[in-house]
Amino acid sequence: MTLNIRALAAKCCYAVIDQGRSLNDELPKQQDKLIGKDKGLLQEICYGVLRYLPELENDVRGLMQKPLTGKQRVFHFLLLVGVYQIKYMRIPDHAAVSETVAATKVLKNNHMKALVNAVLRNFVRARDESAEQVETQQPDPIKFNHPGWFIKKLQAGYPEQWQNILTANQQRPPMWLRVNAQHHTSESYQALLAQADIDIAAIDPLSQAITLTKAIDVNKLPGFEQGWVSIQDAAAQQAARLLDCQPGDNVLDCCAAPGGKTCHILEQTPDIKAMTAIDIEASRLTRVEDNLARLNLSAQVIAADAAKTDWWSGELFDRILLDAPCSGTGVIRRHPDIKWLRKASDIDNLVLLQQQILANIWSLLKPGGTLLYATCSVLPQENAEQIKQFVAQTADAKLVSISEPQASAENIGWQILPDEKNMDGFYYAKLVKTH
Ligand SMILES: C[S@@+](CC[C@H](N)C(=O)[O-])C[C@H]1O[C@@H](n2cnc3c(N)ncnc32)[C@H](O)[C@@H]1O
C-alpha cells in the first residue's frame, strides 16, 4: 500500500478524538510505517490538529453543507489535517491541498476526493477573512482552542492568569535534559554539549536541568546510551531536590512509572538504603525497569495499588514521593490530546483517588519522615485544595514551606504554571509527619 502521511495523520486524530485513544499510543503505531523526516512531519501534523482542533473544526464547518458522520469521519479529520497545513505550516498551499486530496485515494474513498478538494480550495480563498474572525468574535473554546469546562475552571482558579495559561498550553515544549549526577555536573555536561555543537537555551540553577534551543535525536546527545543524560522537564526535576533523601533512607516512589523521578532520586542519592517503586499498571513498569537498566540503577519494582497495603513489607519509609495520578492539565503543551480526552467529570474522580492514595500512603511514613506530593496539574482542586484539606484532617501532618518565592505559606505548596521559566505546569507540596 502507498503511504500517505496525511492519511496516517487523519487516522491518528480519528483514533484520539472519536475513539478516545491516547496520542502516545497511536502516533508511534503510525510512525513505525515511516522513515526519517516523515515521522517528524506526521507528528507535527497530529500535534497541530489536536492543538487547534476547535478552530480548525470551525473553519471546516463554515465550508460544508453538513458535517461528515459515521464511516466518513476519518475524512472530517483529513479536512482538519489539510486546513492545519495551510494555516500553520510552511508548506505551499498547492502542495498541502494536493497531498491531502491524494490521501482520499489511500483511504479508499474516491467519492471524497472532490469534496476534500473543494473544501480545501475554498478555504485557501477565504483564509484571511476566517483567520481574522477567530481572533475577534469567536466563543472562548474556539478562540483559545481549549474545552469550555477547562477554561471555566481556570478562570475560577486563576482570575488574572487564565489567558496566559491557555496561551502557554499552545506552545511547543522545549527539550529538557537531566544530567546524571553519577557521571557529570551540569557544568561538565554543558561543556560536552558545546563540543558537540548542541546549543543550550537555558539552565535551571536549582537542578541538573539543561534546555536545548531545539529538540534533537537522543542518540546524538553525548553519552545517552551510557546513561549520562535523560530527557525530563525541569519542573519534574524539582522532585528529587525537594524530597531531599539522605544516606540510609528507606524510600518509596508510589506512582513510579515510567520511572523518571525514581531514577533521578537514585542518581542524586545512590547511598539510600532502598528504593521501592510501585505502580498500578504492570505494563508501564517495564519502562521503569528499562530506565533503571540504562542508568545502571536498582530498585525494587512492584505492580501494586498505592491505595492498598497488600504489597508492603511492613518497614516504614523515611521519604515518600507521591507523584499522583492527575488530570495532566499542566502538560498540555506536550500532550495536546489531554484537552480532548479529559472530561470535566474525571476531575472529581481523580481528586477522590488522590485522597485515597494520600491517606493510605501516609500510614507508611515514619514519624519525622517527609512525603512529597506532586501533580502535573494546574487545577487547584487537585493541588492546593487537596493538600489544605488533607492537612486540616490529619493531626500529624505539617506542611513545610518550599523556598521558591511563589510557594508562600498562603499559597499552600508550589504551583508552577506552564511555560514559567520554560517549565511544565507542576505542583509540589511537602509534608512532614510530626509524630
Ligand atoms: C504522573 S504518573 C507518574 C510519573 C512518574 N512518577 C515519573 O516521574 O516518571 C502517575 C502514575 O500513577 C499510576 N497510578 C495510578 N493509579 C495508581 C494507584 N492506585 N496505585 C499506584 N499507581 C497508580 C499510573 O499508572 C501512572 O504511571
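For segment 258-268, the candidate set comprises residues that are of a type outside the set (A, V, I, L, M) and open to solvent by less than 20 Å² (accessible area, probe 1.4 Å); within that set, the residue that is nearest to the ligand (Cβ to nearest atom) is 259. Regarding segment 62-70, can at least one residue be identified that is under 26 Å from the mean Cα position of the chain (by Cα) and not in a helix (DSSP H, G or I)? Checked segment 62-70: no residue is under 26 Å from the mean Cα position of the chain (by Cα) and not in a helix (DSSP H, G or I). Restricting attention to segment 353-409, the residues that are more than 22 Å from residue 244 (Cβ to Cβ) and of a type in the set (Val, Ile, Thr) add up to 1.
For segment 215-257, a residue qualifies if it is open to solvent by 30 Å² or more (accessible area, probe 1.4 Å), among the acidic types (Asp, Glu) and in contact with a Phe, Trp or Tyr (Cβ under 7 Å, 6 or more places away or on another chain), but none of them does.
State whether the residues of segment 361-369 include one that is within 14 Å of the ligand (Cβ to nearest atom), open to solvent by 10 Å² or more (accessible area, probe 1.4 Å) and assigned by TED's automatic domain parsing to the domain that holds residue 423. Spell out the reasoning first.
Here is the first cut: in segment 361-369, the ones within 14 Å of the ligand (Cβ to nearest atom) are 361, 364.
Next, only the ones that are open to solvent by 10 Å² or more (accessible area, probe 1.4 Å) stay: none.
Within segment 361-369, none of the residues are within 14 Å of the ligand (Cβ to nearest atom), open to solvent by 10 Å² or more (accessible area, probe 1.4 Å) and assigned by TED's automatic domain parsing to the domain that holds residue 423.
The set of residues from segment 23-51 being closer than 27 Å to residue 111 by Cα, open to solvent by less than 70 Å² (accessible area, probe 1.4 Å) and not in a helix (DSSP H, G or I) comprises just one member, 34. Within this structure, residue 234 passes the test of being at pLDDT 95 or above, away from the ligand (no atom under 12 Å from the Cβ) and closer than 22 Å to residue 328 by Cα.
Among the residues of segment 171-208 satisfying the criterion of being more than 17 Å from residue 233 (Cβ to Cβ) and touching a helix residue (DSSP H, G or I) at 6+ places or on another chain (Cβ under 7 Å), which is surrounded by the fewest Cβ atoms within 10 Å (Cβ to Cβ)? Going through the qualifying residues, I end up with 182. Report the residue count in segment 271-304 for those that are within 12 Å of the ligand (Cβ to nearest atom), assigned to a loop (DSSP other than H, G, I, E, B) and open to solvent by 40 Å² or more (accessible area, probe 1.4 Å). Final tally of qualifying residues: 2.
The values are calculated or read from the model by the stated rules, or taken from the named source; none is laboratory data. From a predicted model like this one, the values you see are computed outputs, not experimental measurements. As a convention, Cβ positions derive from the backbone with ideal geometry for all residues, glycine included, and neighbour counts pool all protein chains shown. In case anyone asks, the SASA skips ligands and DNA or RNA and just uses the protein heavy atoms, side chains included. Shrake-Rupley method; radii C 1.70, N 1.55, O 1.52, S 1.80 Å.
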